[in-house]
Each structure stands twice: as C-alpha cells, then as structure tokens.
Amino acid sequence: MASVTVLIAARNAERTLAETLESLANQTFRDFGVVLVNDASTDSTVDIAHRFRSRLNVEILSPERHLGISGAANAGLRIIESRYVARIDADDIAMPTRLEKQVAFLEANPGIDALGTAMELFYEQPGRESRVLIKPEDDASIKTALVQYCAVSNGSAMFRKSFFDDVGTYDTRLAAAEDYDVWCRGALLGKRYANLPESLTRYRQHDASTSAQKYQLQQELDLQVKRKYIGALLGGESSGNLAEFFSLLTRFTNREIAEVVVRQSMQLLFKLSRKVPNEALFSSIVADCLRRHLSPA
C-alpha cells in the first residue's frame, strides 16, 4: 500500500484535469496513489483519468449519483487506507516537490495532524498577475486566525488519515465552507496544524462571476462556521456580532457608530482574546478589522 493517497473530487473537469494529473506524474516523491472521485461528470473527465493509468496509480470511483464536491471527497475518504492523504482540486497544479516536502515534514513532526502550504493564485487570462497566498505557519497562529478566515488551504493540505477518523468528514451542508468547518472542528478537538511557507500548489482562479445569490450563500455559510467556532471558544456563550465583525461585512459610516458597535463587542473580544492561543496575533487581527471597518468604502 502506498504511504500517500492524493484525493481529487472532480466534476466535468476535462479542461483542466490533465494538467493536474501531469503535475502529479512529475512528483519527486513516488510512493503515492491517486483516488479520483468522478462526481457524475458528463464530459471526458473519466477518459482523461484512464489515460494517466500508465504513469500513475489511479483508482477511479464513480458514485451512482451527483454528490457535490464535498460529498464526493467524503466518498473517497471512506475507501482510503494510506497513512497520509493529500488534497488537490481538479483544476490546480502541484509543484514537483510538494508531496516530498509535506511527507518529510509530517515524518519529522509526528505531533502535527494536518499540513498546508502557501499557494500561488494564478489566472489563465494574459495580463492578470499571479500572487502568493501565505498563511500562518504555526499551530497557535493558525488556530487564532481561524476566528477570521480559513487558515489552511484545503487544496494544499496533507493530513494523517487518522485526522478525519477522529474529526469526521466534510459537512455537505456547508458546500462553500466545508474545509473551513473541518479545520475549526479539528482545532476544537486539539488537532495540531502547520503551514509550509513555500508555495507548493498553484491555485487556478476563474473569472466566472459569482451570482449575488451564490455570494450571499457563501457569506452565510462562512458566518455559520465562525459563529460555531467562536462560540465554542467562548465556552458556549453567544458570539454576538463577532462573526460579522471578523468577516468585515460592515463598513461603519462614521466613528460614532463604530464606537457604539465596538463598545458592545468589547467584553466579548476581551474574553475571546483570553481563549485564543496567540493573543498578540489576535490583537493584530482586531486592530486590522477596526482599521478596515473605518476606512472609506
């Protein structure tokens, strides 16, 4: 049995899947297999995966019905038995040393349950500049940053199979925030995280516009995760409007309104500052949120 399984959930990915699989075929680390969960694709996704079987150990799983990407990932997790699982999306690219460096880190740090990396966000359109998305590196900073955003990029993550055995699989009701939810649940159970500062995954940015309805749904799911995580850190106490505060959903129109809202939140912010593992980072996050709330629209 391979020590690593790369899990890909794919639906109608014929335009990008070959590039993703090619990046896996070029990995310097070789003791791995691929589980590709075909989520009811109607294009040539499966044919493309078959073509790589001479170069990759690819197992194709085709559930009988459309599950959604998180449901498809769960189906893959249920059959994987390797020690480590790496995630990558069907339109992203793994740098050649990604698996090698992540396995080496996890082998050297047995207390870490899940490991992300920095990611390069790139566009296919000419003239659009790529940028590197860097996330906190140590466990305390990651768990603190989770009050504001998903501090481990799912498409760059490698985790011990035991992580999902303990934490549970992706919540399919949170289709736009299922990864954020998993990291928050794991943090509350004492799982430990790290991020490598090197960009080892290229994340494809799509120009397709998100409808106002879908954007609103994404925001609400993100808020649900924040409220649950912050509330748990506060020992079950209501998180008030802290989720909205950290989500930067409101820009105060004047300082008087801002001061009223901050006064209302101050006691909860103080309590939360005593619960997060990196109080200095938390103070920086709060200060940045205040600055951005008060900046002109």
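The values are calculated or read from the model by the stated rules, or taken from the named source; none is laboratory data. As the structure is a prediction and not an experimental result, all values here were calculated from the model. When we count neighbours, we look across all protein chains shown, and the Cβ atoms used for this are built from the backbone with ideal geometry, even at glycine.
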Enumeration of residues in the stretch 18-71 that are of a type in the set (Ser, Thr, Tyr) and closer than 22 Å to Ser82 by Cβ: Thr20, Ser23, Thr28, Ser54, Ser62, Ser70
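Run down Glu178, Glu81 and say which single residue is surrounded by fewer than 19 Cβ atoms within 10 Å (Cβ to Cβ) and at negative phi. It would help to see each step written out before you state the result.
Details: Glu178 fails: surrounded by fewer than 19 Cβ atoms within 10 Å (Cβ to Cβ).
Of the residues listed, the single one that is surrounded by fewer than 19 Cβ atoms within 10 Å (Cβ to Cβ) and at negative phi is Glu81.
Every residue, every condition in (1) touching a Leu at 6+ places or on another chain (Cβ under 8 Å); (2) surrounded by 22 or more Cβ atoms within 10 Å (Cβ to Cβ); (3) of a type in the set (Ser, Thr, Tyr), yes or no:
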| residue | (1), (2), (3) |
| --- | --- |
| Ala25 | yes, no, no |
| Phe29 | yes, no, no |
| Ser44 | no, no, yes |
| Arg53 | no, no, no |
| Leu56 | yes, no, no |
| Arg65 | no, no, no |
| Gly71 | no, no, no |
Among (1) surrounded by 23 or more Cβ atoms within 10 Å (Cβ to Cβ); (2) touching a residue at least 40 places away in the same chain (Cβ under 8 Å) - the single one Glu198 does not satisfy: (1)
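Can you confirm whether Asp92 is surrounded by 21 or more Cβ atoms within 10 Å (Cβ to Cβ) and in contact with a Pro (Cβ under 8 Å, 6 or more places away or on another chain)? Steps first, answer last, please.
Details: surrounded by 21 or more Cβ atoms within 10 Å (Cβ to Cβ): yes; in contact with a Pro (Cβ under 8 Å, 6 or more places away or on another chain): no.
Criteria not met by Asp92.
With touching a helix residue (DSSP H, G or I) at 6+ places or on another chain (Cβ under 9 Å) and either closer than 19 Å to Leu133 by Cα or in a loop (DSSP other than H, G, I, E, B) (or both) as the only criterion, which of Ile112, Ile60 stands out? Give the steps one after another, and end with the answer.
Details: Ile60 fails: either closer than 19 Å to Leu133 by Cα or in a loop (DSSP other than H, G, I, E, B) (or both).
After applying the criteria, what remains is Ile112.
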Only listed residue being assigned to a loop (DSSP other than H, G, I, E, B) and either closer than 25 Å to Arg204 by Cβ or in the same structural domain as Tyr229 (by TED's automatic domain parsing) (or both), chosen from Ala118, Ala90: Ala90
Single condition Ala40 does not satisfy, out of (1) free of Cβ contacts under 8 Å to residues at least 40 places away in the same chain; (2) on the phi > 0 side of the Ramachandran plot; (3) surrounded by 16 or more Cβ atoms within 10 Å (Cβ to Cβ): (3)
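Is it the case that Asp92 is acidic (Asp, Glu), within 16 Å of Val34 (Cβ to Cβ) and touching a residue at least 40 places away in the same chain (Cβ under 8 Å)?
Against the criterion (acidic (Asp, Glu), within 16 Å of Val34 (Cβ to Cβ) and touching a residue at least 40 places away in the same chain (Cβ under 8 Å)), Asp92 qualifies.
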Filter pass, Thr20 being at pLDDT 95 or above, part of a strand (DSSP E or B), buried (at least 20 other Cβ atoms within 10 Å of the Cβ) and out of contact with any helix residue (DSSP H, G or I) (no Cβ under 7 Å at 6 or more places or on another chain): no
Checking Glu137 against (1) surrounded by fewer than 18 Cβ atoms within 10 Å (Cβ to Cβ); (2) over 24 Å from Thr97 (Cβ atoms), the condition it does not meet: (2)
Check on Ala175, in a strand (DSSP E or B) and of a type in the set (Gly, Ala, Ser): no
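Is it fair to say Gly231 is surrounded by fewer than 21 Cβ atoms within 10 Å (Cβ to Cβ), at positive phi and assigned by TED's automatic domain parsing to the domain that holds Ser273? Please lay out each step first, then the result.
On the way: surrounded by fewer than 21 Cβ atoms within 10 Å (Cβ to Cβ): yes; at positive phi: no; assigned by TED's automatic domain parsing to the domain that holds Ser273: yes.
When the stated conditions are applied, Gly231 does not pass them.
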